[in-house]
Amino acid sequence: MSFTLVIHGGAGNVIPAILNPDLELQYTQALKDALDSGTEVLKKGGSSVDAVVAAISTMEDNPLFNAGKGSVFTKKGLNEMDAAIMNGRNLAAGAIAGVRNIRNPIQLAREVMLHSGHVLLSGSGAAEFAINQGLTMTPDEYFFNQLRYDQWVEIRDTNFTQLDHKGDNLKSHTPDHKFGTVGAVALDSEGNLAAGTSTGGMTNKRFGRIGDSPIVGAGTYANNSTCAISCTGHGEFFLRAVVAHDVSCLMEYKGLTLHEACNVVVKDKLVKMGGEGGLIAVDTKGNFEFCFNSAGMYRGMRNSEGKEAVAFYGQ
Ligand code: ASP
C-alpha cells in the first residue's frame, strides 16, 4: 500500500520559549497519535478522505489543539467551530461553519459532503442536520478548557478584530495564542488526494465570524490533478488570498512544482499582504510540503516508505 499522510496542529508563535520539555512531549505524542489514526486507515487500503477524518478527529479530541474539544472562546465566551473536507478524486466537498456542541466537526463536514446535497451548512441549520444524521450533541462543558478560557479573559475587552480590518497593509495584530487549528492531507493507495481542516477559529472572534478553514479554496482544497492543501493562520488574510486554490492554480496553469507553488503563496504573496500562517500539502506523486511564514507550525508526516517526521519550530 503506497500512501502519504501530512498533518498540522496550527501555526504561529511556536518557539522554544513557549514550549517547555513536558509540553514538547505532549505535542509530539498528540501529533503521533493523529498520524497513527490516519495511517491505520491508509495501511488497510482505506481512502484518503477517511484517513483525513481519522487524523483530524484524533486532534479534535485533544485539548492541546484549537479544534473540537480545545476550541477557543468567541467574544461572547462561546465555542463556535468551522471545518471542511474535500475529495480530490471528484471535487466533492463538505463544510460546516459556526457550529456549537459538535464533538467532531470534521465528521459532520463529511456528512455534509456525502448526504446533504450541499457544500456548506452553518449554525443552527448545521446542528439540525447533525441531529438528523444521528450525531449526538455534546454539552458545553465538554468544550471548556481553563487555558483557552484564561487566554480569552485576557483579551476579551480588546477590539483586535476591528484593527485587523483597517487596511490592506496592516500586519496581524492578534495575540500569539490565536492559532492552533488542525488539518490533514493524504494520498491513498488508489492515488486519490483529500484535504481537511478543523478549527475553533480565533480567540475573541465576533459572534458569527467565519474564517478560511471551512471555505473551499481558501483554507482547504483537494484536486487529483494538482494537490491537497490544508491551511492554518490568520483567516482574514487566507480568505482574501484564496490560498489553497491559488497553490493549485499555480501548479495547474503555470506548471509550478508543489514546492514552488507553496513558497510563492505563503512566503511571498501572503507575506506582502501581512498574513501570518502556513499550510501542509501533498501531490499525487507523494511529494509533500510544510510551508509557513510564522515562527513555527505544529506538523507531522508519515508515508508507506517508512519516512516519519514531527516538528514544531522554524526550519
Ligand atoms: N485559520 C483559522 C481561522 O482564521 C485560525 C487558525 O488557523 O488557527 O479561523
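The values are calculated or read from the model by the stated rules, or taken from the named source; none is laboratory data. Computed from a prediction, not measured in an experiment: that's the story for all the values here. Heads up, the Cβs are rebuilt from the backbone with ideal geometry, glycines too, and the neighbour counts pull from every protein chain shown.
Beta carbons closer than 6 Å, at least 6 apart along the sequence or on distinct chains, pair a first residue in the range 200-214 that is farther than 13 Å from N66 by Cα with a second that is among the aliphatic types (A, V, I, L, M) and in a loop (DSSP other than H, G, I, E, B) for D212/A218. For the range 100-157, the set of residues classified as part of a helix (DSSP H, G or I), polar (S, T, N, Q) and modelled with pLDDT of 95 or more consists of Q107, S124, N132, listed by residue number.
Screening V243 against (1) touching a strand residue (DSSP E or B) at 6+ places or on another chain (Cβ under 9 Å); (2) of a type in the set (A, V, I, L, M, F, W, C); (3) within 12 Å of the ligand (Cβ to nearest atom); (4) under 24 Å from Y27 (Cα atoms) leaves a single unmet condition, (4).
Residues in the range 296-311 that are within 20 Å of L25 (Cβ to Cβ) and either more than 17 Å from the chain's Cα centre (by Cα) or not in a strand (DSSP E or B) (or both): 3 in all.
Scanning the range 1-33 for residues that are more than 16 Å from the ligand (Cβ to nearest atom) and crowded, with 18+ Cβ neighbours inside 10 Å yields F3, T4, L5. For the structure I just gave you, tell me whether G208 is within 14 Å of the ligand (Cβ to nearest atom) and buried (at least 22 other Cβ atoms within 10 Å of the Cβ). No; evaluated as a whole, the condition is false for this residue.
Here is a yes/no grid of residues against (1) of a type outside the set (S, T, Y); (2) closer than 19 Å to E111 by Cβ:
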residue	(1), (2)
I18	yes, no
S37	no, yes
A54	yes, yes
G77	yes, no
A83	yes, yes
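Can you tell which of G217, G274, G286 is more than 16 Å from the ligand (Cβ to nearest atom) and in contact (Cβ under 8 Å) with a residue 12 or more places away in the chain? Quick ask: steps written out before the conclusion?
Values: G217 fails: more than 16 Å from the ligand (Cβ to nearest atom); G274 fails: more than 16 Å from the ligand (Cβ to nearest atom).
From the options G217, G274, G286, the qualifying one is G286.
Results for (1) surrounded by fewer than 22 Cβ atoms within 10 Å (Cβ to Cβ); (2) closer than 28 Å to V72 by Cα, shown as yes or no for each residue.
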position	(1), (2)
N224	yes, no
V243	no, yes
Y253	yes, no
V271	yes, yes
G277	no, yes
Y298	no, yes
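For K171, the conditions (1) within 16 Å of the chain's Cα centre (by Cα); (2) more than 11 Å from the ligand (Cβ to nearest atom); (3) modelled with pLDDT under 95 are fulfilled apart from (1).
Has the range 65-85 got at least one residue that is assigned to a strand (DSSP E or B) and either of a type in the set (F, W, Y) or out of contact with any Gly (no Cβ under 8 Å at 6 or more places or on another chain) (or both)?
Residues of the range 65-85 assigned to a strand (DSSP E or B): 81-85.
Next, only the ones that are either of a type in the set (F, W, Y) or out of contact with any Gly (no Cβ under 8 Å at 6 or more places or on another chain) (or both) stay: none.
No, that holds for no residue.
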